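Only one structure is covered here, and it is reproduced in the block below.
The values are calculated or read from the model by the stated rules, or taken from the named source; none is laboratory data. Everything numeric here is computed off the predicted structure, so don't read it as measured data. Glycine also receives a Cβ, built like all others from the backbone with ideal geometry; neighbour counts cover every protein chain displayed. Protein only, heavy atoms only, side chains kept; ligands, DNA and RNA dropped before computing areas. Shrake-Rupley method; radii C 1.70, N 1.55, O 1.52, S 1.80 Å.
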Amino acid sequence: MTTTTREPEAPASEPAQPPKAVKRPGDIIFSGTALGSGLIILIVLAAVALFLIIQSLPAFKPDTSDNNILKGQPFLEWVWPLVFGTIWASAIALVIAMPIALGIALFISHYAPRKLAGVIGYMIDLLAAVPSVVFGLWGALTFAPILVPFYKWLNANLGWIPLFAVDEGTAPSGSGKTILTAGLVLAVMILPIITAICREIFLQTPKLHEEAALALGATRWEMIRMAVLPFARSGIVSAAMLGLGRALGETMAVAMVLAPSSLVTFQLLSTVNPSTIPATIALRFPEAHGDGTATLVAAGLILFVVTFAVNFVARWIVSRRAEFSGAN
């Protein structure tokens, strides 16, 4: 009787490790350059913020009697109307430009023939290249006088609305240089940015979503409402925030169109209007000296913080775009 002996089983072999990628000199140079570029942006941003903080410290002194800008007025009391005017003018521009930009972007992406869409898109892109001083000249010399009869009509027929009312005993601006005119000029300036971004977002809508909506019997507008707009929602909001950031920092156009004064008012047609931070810095900087210069730098710091907050919100909205994308 023979017995068989079982040979011991060989130990299971460990899974093979994937080979390490060989870093070529070109890869090392590219990754280092990309990292360095990102660090340079952060360093420059931190340096700008540090410069603004250090240079603006004299503006916060308790005694501002020798400050030719504040003239004894506390800084926060002086800058508050400017912050209000900056946000108010930018909000007016955004409210006016946003529906027009959405309409143009939808027309280019889903309604216009291809050749016509190309021409309109090219014209919109060219509009973004026009210098702001040109918009300011156009607004002050041509656009504002044209709006004067319209402003008088608004005050006569809709004066019961606080926005279109003026102080008792006064009339709407006879020159047309009002906060509403500044908002309209800013709307024209931010229109190309919002339109271009919305157009690209609309064109990226998955074709399967659009074809599925049309196959279910939806009209073209229903397809846009059910498939295109939900997909582009975060992109639309991001485009609006980027346009708002451009409007917040605009200088020359507002300085040339607006007849500013230091007050807080929601009246759109009045002869006295709140000024903006960029326009005030541009107009007051030549006469500033000593602590007055520090005051304008401090106003720039406030504008820097507001603009940074707007762009931060825009980036946060963009990061949430995966909530509705072509992948799901």
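Before moving on, here are some points about what is shown:
- Unique residue being more than 22 Å from G235 (Cβ to Cβ) and over 27 Å from the mean Cα position of the chain (by Cα) when the list is W138, W88, W153: W153
- Entry remark, the range 164-198: residues being out of contact with any helix residue (DSSP H, G or I) (no Cβ under 9 Å at 6 or more places or on another chain) and either of a type outside the set (G, A, S) or at pLDDT 85 or above (or both) number 3 in total.
- Filtering the range 205-222 to residues that are open to solvent by 100 Å² or more (accessible area, probe 1.4 Å) and within 20 Å of I236 (Cα to Cα) leaves K207, R220, W221.
- Of all residues making up the range 61-79, the number that are touching a residue at least 60 places away in the same chain (Cβ under 8 Å), open to solvent by 50 Å² or more (accessible area, probe 1.4 Å) and among the polar types (S, T, N, Q): 0
- The selection criterion, being open to solvent by less than 70 Å² (accessible area, probe 1.4 Å), aliphatic (A, V, I, L, M) and within 30 Å of A182 (Cα to Cα), holds for A97.
- Screening A112 on (1) open to solvent by 30 Å² or more (accessible area, probe 1.4 Å); (2) more than 30 Å from K177 (Cα to Cα) shows it passes everything except condition (1).
- Of the helices (runs of 4 or more DSSP H) contained entirely in the range 106-160, those carrying at least 2 residues that are touching an Asp or Glu at 6+ places or on another chain (Cβ under 9 Å) and touching a residue at least 24 places away in the same chain (Cβ under 8 Å) fall at 132-138.
- Test: residue in the range 189-204 that is over 30 Å from S132 (Cα atoms) and out of contact with any His (no Cβ under 8 Å at 6 or more places or on another chain): yes
- Here S234 meets the list (1) over 22 Å from V83 (Cα atoms); (2) open to solvent by 60 Å² or more (accessible area, probe 1.4 Å) almost entirely, failing just condition (2).
- Only one of the numbered conditions (1) at negative phi; (2) not in a helix (DSSP H, G or I) is not met by K71, and that is (1).
- Looking only at the range 275-290, and only at residues there that are open to solvent by 30 Å² or more (accessible area, probe 1.4 Å) and in contact (Cβ under 8 Å) with a residue 40 or more places away in the chain, the one that is nearest to I53 (Cα to Cα): G290
- Identity of the residue in the range 244-274, touching a Pro at 6+ places or on another chain (Cβ under 9 Å) and assigned to a helix (DSSP H, G or I), that ends up surrounded by the fewest Cβ atoms within 10 Å (Cβ to Cβ): M252
- For first residues located in the range 21-42 and farther than 30 Å from F308 by Cα, partners that are hydrophobic (A, V, I, L, M, F, W, C) and open to solvent by 60 Å² or more (accessible area, probe 1.4 Å) and lie 6+ apart or on another chain with Cβ distances below 8 Å do not occur.
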